[in-house]
Amino acid sequence: NTLPEQFAVTVVDDNGTTATGSLDVNIVDDLPKGVYDSNASTASETLLTLNGNVLSNDVQGADRVTIGENAG
C-alpha cells in the first residue's frame, strides 16, 4: 500500500523574495505477512493439548494485527 502526497511550498526571505516548490511524501504501509508453519504431532486420547506459536515467524506490519480469541 502506498499513498503519494504532494504539498505546495512557498518561502519568503527577509527581502520579500519568494521561491516556490513542492514537498513530495510517499507513504508506504507494509502489509502483514503470514508465513507457513509446521509442527508435526499426533493427537490422541492422552495428548489433549497441542502447543506452539504460529505467530513467531510472521510479520505484523505497521498497523499491527489484533490477536485474541475469536468467538463465533
Quick one: in segment 1-29, of everything that is among the acidic types (Asp, Glu) and out of contact with any Asp or Glu (no Cβ under 9 Å at 6 or more places or on another chain), which residue is farthest from Ala62 (Cα to Cα)? Asp14
In this structure, does Gly52 turn out to be more than 19 Å from the chain's Cα centre (by Cα) and in a strand (DSSP E or B)? no
Assess whether Thr46 counts as being among the β-branched types (Val, Ile, Thr), assigned to a loop (DSSP other than H, G, I, E, B) and either loosely packed, with under 10 Cβ neighbours inside 10 Å or touching a Leu at 6+ places or on another chain (Cβ under 9 Å) (or both). yes
Checked Val54, Val35 against criteria (without any contact (Cβ under 8 Å) to a residue 24 or more places away in the chain and surrounded by 10 or more Cβ atoms within 10 Å (Cβ to Cβ)); the one match is Val54
From the options Ile67, Ile27, residue that is surrounded by 10 or more Cβ atoms within 10 Å (Cβ to Cβ) and of a type outside the set (Phe, Trp, Tyr): Ile27
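The numbers here are math on the coordinates, done by the rules we state, and not lab data. Values in this document were obtained by computation on a predicted structure and should not be read as measured data. Because the Cβ atoms are built from the backbone with ideal geometry, glycine has one as well, and the counts that use them run over all protein chains shown.
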